[in-house]
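Chemist: My structure is below; once you've seen it, I'll send some questions.
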């Protein structure tokens, strides 16, 4: 098990997409499930399935466009265990000039940067997706 489960999740999604796999499977946690459901809601992945059990499993069904181009062009981890990145709602950067999303952990739960600006809440900028 890695010390940074979010980086592990992003790497597994990136690697599965580069290998043109149908899905990425990873260990289940509430945080990873919330991030995956947000990616589904924003249209970056096709489906999210979770299996409860002793070693819970999270399955992310990847989405591909024309020419087998992945829906996710890039993933970048921003806040790391060694250097946390907390931002207020007025400090949130626009990801790829608004074409991507920033995923934040706020007091109101996991949300996109656009939702955080609308709700006037800041938080920890976990990652950026475009």
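Chemist: For segment 7-105, rounded, prolate or oblate, judged on the Cα gyration tensor with a ≥ b ≥ c (square roots of eigenvalues), a/c < 1.5 rounded, else prolate if a/b > b/c?
Modeler: oblate
Chemist: Could you order the peptides 41-50, 91-100, 61-70 from most to least packed, using the average number of other C-beta atoms within 10 Å per residue?
Modeler: Order by mean packing, descending: 41-50, 91-100, 61-70.
Chemist: Enumerate the residues in segment 71-94 having an amide nitrogen under 20 Å from the point lying 7 Å beyond the Cα of residue 42 toward its Cβ.
Modeler: It comes to 71-81, 84-94, nothing else.
Chemist: Something else about it: Using a basic spin-label model with each label point 7 Å from the Cα along Cα→Cβ, how many nm lie between residue 73 and residue 115?
Modeler: 2.3
Chemist: Residue 18 to residue 89: FRET efficiency via 1/(1 + (r/R0)^6), r the Cβ-Cβ distance, R0 25 Å, to the nearest 0.05? Before the final figure, lay out each step's value.
Modeler: Numbers: r = 34 Å, r/R0 = 1.36.
Efficiency for this residue pair is about 0.15.
Chemist: Based on the alpha-carbon gyration tensor of segment 75-129 and its eigenvalue square roots a ≥ b ≥ c, which shape applies: rounded if a/c is under 1.5, prolate if not and a/b is larger than b/c, or oblate?
Modeler: Details: a/c = 1.68, a/b = 1.08, b/c = 1.56.
Oblate, because a/c is 1.5 or more while a/b does not exceed b/c.
Chemist: If each residue of separation counts as 0.36 nm, what is the full-extension length gain between residue 99 and residue 64 once their alpha-carbon separation is subtracted?
Modeler: Working: separation 35, 0.36 × 35 = 12.60 nm, distance 1.75 nm.
Additional length available on full extension: 10.9 nm.
Chemist: Next up: Starting from 0.36 nm per residue, how many nanometres of slack lie between residue 57 and residue 108 once their C-alpha separation is accounted for?
Modeler: Full extension from residue 57 to residue 108 adds 15.8 nm.
Chemist: Using alpha-carbon pairs under 8 Å, 6+ residues apart, how would you state the relative contact order of the chain in percent?
Modeler: Values: 221 pairs, mean separation 28.5, N = 130.
Dividing the mean separation by the residue count of the chain yields 22 percent.
Chemist: Pull out a ≥ b ≥ c, the square roots of the eigenvalues of the alpha-carbon gyration tensor of segment 34-92, then state rounded if a/c is under 1.5, prolate if not and a/b is larger than b/c, and oblate in the remaining case. Write out the running numbers ahead of the final one.
Modeler: On the way: a/c = 2.22, a/b = 1.25, b/c = 1.78.
Taking the square roots of the gyration eigenvalues as a ≥ b ≥ c, segment 34-92 is oblate.
Values in this text are rule-based calculations from the coordinates and carry no lab data. In this text, all values refer to a predicted model and were calculated from it rather than measured experimentally. Every residue, glycine among them, receives a Cβ derived from its backbone with ideal geometry; neighbour counts consider all protein chains shown.
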